[in-house]
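The values are calculated or read from the model by the stated rules, or taken from the named source; none is laboratory data. Not measured: the values here are computed from a predicted model. Cβ coordinates were reconstructed from backbone atoms using ideal geometry, including for glycine residues, and neighbour counts include every protein chain displayed.
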Ligand code: UDP
């Protein structure tokens, strides 16, 4: 990749403090760093990333006053949290940027403020200081239709623009994200739309070939250019930014398993399940007879460690065939030769990580964009199977066998390998993500 010359340019990246947003932002930071930029990461106090994992970046924590705002930090109050962060962090970010500008050497400059799209206040701060604001989109580009189409009837945005993703129910997507979905959602959407209009560019963690239809629609409506430079984690090496400790034991366990035999089950950092779900999943995995690696993170079942909910007789039945950890080094797991399938909640990072490694998916979305991602995986790209309705052990067992053993699964896995090859092409010289990144640094920075 081309590097900068003697210019001393700094990029300031503003984090939205949740795992699925911290990871892509720090990966993007690694990409820009590899292009010669100095990096400052500004983050709220809540869920601070660990600076010692990224010694090449400068980290600045800003007060978020979340305790004073009395916002619940659960996914159920997602929209109120977004609103509180945007209200509370604007003044501290401005002060922090002014300080950086004051203390900077004369030959240095801030090339831009790259902010998570949910931290849209950063665009206003960038405008006030005369700096370019660039919004980073850690979701499928299709979700951007929300941000760029000023449509009074939200329900019909996806329906009109993306027939290939139907049926998609907006109500289902926003349920569980806000106690009062309509009001809070509208407020966030209007503010995000406003920021997008004023931004110099948008960077999306996606690849052109995955979302051709959505991207062409977005380009039609969006006032700001969009640069598709995903998957971020493959463009430059980046250290882990996990908030929970990764359990390396599962890698040595995977080393002992047959190639493509293991189903890896993980539901990301936010999704929550019921006690009964844990029991059904446990018996579904046990009865499938496949080796499995299952992440039960503390809080997966609200207020519980999760593992104490495993049913009696389960451990005896599975023995060494199952490995359960609290948090896995997921990118390494998906790249491991023993992994043949990924049972996922369809978070966008997990989706891209799986696509990049050619791993077929079993999909059980929980909320938000996960339903949209599931439709891409199962019905557009056809590299996964949908697990719909309530979690029930017999259905789980059947779905795992369909994906891991049956002829249907072989076809799905072949398609997943084809997508992996296409993804590799995107990242090479001349590929769409590679070129888009170079274009971004030339035109915007
Ligand atoms: N992840 C991980 N270890 C785990 C589970 C998840 O490192 O045991 C990482 C995963 O690689 C991904 C992120 O956490 O980068 C989850 O993001 P995603 O968008 O998939 O889901 P979210 O957590 O936002 O719902």
Fill in: Lone qualifier among 346, 250 - being buried (at least 23 other Cβ atoms within 10 Å of the Cβ), assigned to a loop (DSSP other than H, G, I, E, B) and in contact with a strand residue (DSSP E or B) (Cβ under 6 Å, 6 or more places away or on another chain)
346
Worksheet item: Within segment 272-281, can one find any residue that is in contact (Cβ under 8 Å) with a residue 40 or more places away in the chain and under 14 Å from residue 323 (Cα atoms)?
Response: yes
Worksheet item: Only one of these conditions is not met by residue 233: (1) under 28 Å from residue 209 (Cα atoms); (2) within 14 Å of the chain's Cα centre (by Cα); (3) in a loop (DSSP other than H, G, I, E, B). Which number is it?
Response: (3)
Discussion item. Can you confirm whether residue 286 is more than 12 Å from the ligand (Cβ to nearest atom), closer than 25 Å to residue 406 by Cβ and not in a helix (DSSP H, G or I)?
Written reply: no
Practice prompt. Among the residues of segment 355-374, write down those that are in contact (Cβ under 8 Å) with a residue 60 or more places away in the chain, farther than 20 Å from residue 74 by Cβ and in a helix (DSSP H, G or I).
Written response: 355, 356, 357, 372, 373
Worksheet, complete the sentence: Apart from one, (1) under 28 Å from residue 52 (Cβ atoms); (2) in the same structural domain as residue 401 (by TED's automatic domain parsing); (3) within 18 Å of the chain's Cα centre (by Cα) all hold for residue 255; the odd one out is (3)
Response to the item:
Within segment 309-322, of all residues that are in contact with a helix residue (DSSP H, G or I) (Cβ under 6 Å, 6 or more places away or on another chain) and surrounded by fewer than 17 Cβ atoms within 10 Å (Cβ to Cβ), the one nearest to residue 256 (Cα to Cα) is 317
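Just to be sure, is residue 243 surrounded by 21 or more Cβ atoms within 10 Å (Cβ to Cβ) and within 15 Å of the ligand (Cβ to nearest atom)?
no
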Item to complete: Hey, can you tell me all the residues within segment 323-338 that are surrounded by fewer than 24 Cβ atoms within 10 Å (Cβ to Cβ) and touching a residue at least 40 places away in the same chain (Cβ under 8 Å)?
Response: 323, 325, 326, 327, 329, 330, 331, 332, 334, 336, 337, 338
Worksheet item: Counting only residues that are at pLDDT 95 or above, under 24 Å from residue 286 (Cα atoms) and more than 16 Å from the ligand (Cβ to nearest atom), how many does segment 368-393 have?
Response: 6
Worksheet, complete the sentence: Picked from segment 315-343 (must be within 16 Å of residue 287 (Cα to Cα) and part of a helix (DSSP H, G or I)), the residue farthest from the ligand (Cβ to nearest atom) is 316
